[in-house]
Amino acid sequence: MKIIVVGGTGFLGYHAALVGLKRGHELGALAVKDIDLSGWFPESVNVDYGDVFTLSGEELERRFTGYDALVYAVGPDDRVVPPAPAYEFFHERLVVACEKTVTAARKAGVKRCVILNSYFAYFDRLWPQKQLAERHPYIKCRVEQAQRTIAAGGETMDVMILELPYIFGSMPKRTPIWKDVFLDKYAKGRIIFFPKGGTSMVSVQHVGEAIIGALEQGEHGRRYPVGDENHTYNEMLKMMMTALGRRAAIINIPRFLAVIAGGFIERGWRRQGLQSGLDPKFLMRDIITDYLYVDASESAEKLGFGRGGLKEAIDETMKACYPEKFADVKSMKLAAETR
């Protein structure tokens, strides 16, 4: 297949491109020109520069002409806190822009399409009593994204949805988002306060395999939960700290205190004119303090993505977040070896 990855120089798009090349596909990428690609990005990938959020449908159709398949790997995730109202922000970028892109791809003759979505949409189906889409603008937009893009595929293009959990791994030139949104904020001291719960996790390499596997084997309209290992947050934090060579005591915050803290966070954002895509109070009550475990065995069998390697992916993530720390350790080891 001749595949174009929208967001091909980003974290997930990059690894999808590597897997696609390894399996013998021809790859192209549509990306913003925000980084120097020389020396690390595969030269065999044809990079076309442009912002999918501002390009017209007609321009996208022109750029997609000649491709057989498309991967949509852009859009803000739940950690972005935009100006209020959050729904309008996420709807424009996750729903409107994505539907425009899929429609343009269909008109250009593209036959297969994979949309990278969130496992929150999976849990919205699994736990209807929690009303996740109703209470969280981000989750509502992820649900709408899947619905609208599947419909946009019409009768001539197959559209598959991948619902992704916590992802670990790294890529050249870019610092993992884990550093700014999590590690620098919550895990710098000797004591880490965090709610009791857990989540599904997966390495980025296997996400890349799932993306290409969905293009090769996926069925139109199917939503595929992707994941590998399920761990408590305590286990996740311990793996992170071990990779960093640090010791930290983990104290679990009771649910009621987490909800109170969420209320303070929400009021602080409101005073700044901001609104999260995940309502902090309900996030603490219904999501972070629960166990977001996914059995992705059926998806793995269908799409052919691998399992395992999570610890190594976490180690790699930590090294990419704080390269200076590991550079110092490596220098000390080299100095000791030459004495």
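The values are calculated or read from the model by the stated rules, or taken from the named source; none is laboratory data. On a predicted model such as this, the values are computed, not experimentally measured, just so you know. Cβ coordinates were reconstructed from backbone atoms using ideal geometry, including for glycine residues, and neighbour counts include every protein chain displayed. Heavy atoms of the whole protein, side chains included, go into the accessibility calculation; ligands, DNA and RNA do not. Shrake-Rupley method; radii C 1.70, N 1.55, O 1.52, S 1.80 Å.
Return the distance in nm (one decimal) between the two label points of a simple spin-label model at ARG23 and GLU216, each offset 7 Å from Cα along Cα→Cβ.
0.4
Need the list of aspartates and glutamates near LYS319 for cross-linking: C-alpha distance under 19 angstrom, and skip anything on the same chain fewer than eight residues off.
ASP180, ASP184, GLU235, ASP328
State the antiparallel share, in %, of DSSP beta bridges confined to region 138-272, rounding to the nearest 5.
Looking only at bridges with both residues in region 138-272, the antiparallel portion is about 30 percent.
So what does log10 I(q)/I(0) come out to for region 25-90 at q = 0.13, 0.14 Å⁻¹, using the Debye formula with one equal point on every Cα and no solvent?
So the normalised log intensities are -0.51, -0.58.
For region 37-166, report the accessible area per residue in Å² (1.4 Å probe, heavy atoms, rounded to an integer).
The answer is 41 Å² per residue.
Where both residues lie in the chain, what percent of DSSP beta bridges are antiparallel, nearest 5?
Roughly 15 percent of the beta bridges in the chain run antiparallel, per DSSP.
Along each of its three principal axes, how wide is the spread of alpha-carbon positions in region 63-105, in whole angstrom units, largest first?
The principal-axis extents, from largest down, are 40, 16, 12 Å.
What is the distance in Å between the Cα centroid of region 58-87 and that of region 230-285?
The two parts, judged by their Cα centres, are 28 Å apart.
Give the cross-link partners of LYS281 among the lysines, using a straight C-alpha distance below 21 Å as the criterion and excluding same-chain residues fewer than 8 apart.
Output for LYS281: LYS130, LYS140, LYS185, LYS196.
Which of the trypsin sites (Lys or Arg not before Pro) across region 62-101 are loop residues per DSSP, with 14 or fewer other Cβ within 10 Å?
Sparse-neighbourhood loop trypsin sites (Lys or Arg not before Pro): ARG79.
Of the heavy-atom accessible surface of region 124-187 (probe 1.4 angstrom), what whole percent is carbon and sulfur?
That fraction is 48 percent.
Kirkwood Rh and Cα-based Rg: tell me the resulting Rg over Rh for the chain, rounded to two decimals.
0.97
Considering only protein heavy atoms and a 1.4 Å probe, what is the carbon-and-sulfur percentage of the accessible area of region 204-249?
Looking at region 204-249 in its full context, I get 42 percent from C and S.
Which GluC sites (Glu not before Pro) in region 197-240 pass both tests, a DSSP loop state and at most 14 other beta-carbon atoms within 10 Å?
Taking region 197-240 and a limit of 14 other Cβ atoms within 10 Å, the loop GluC sites (Glu not before Pro) found are GLU219.
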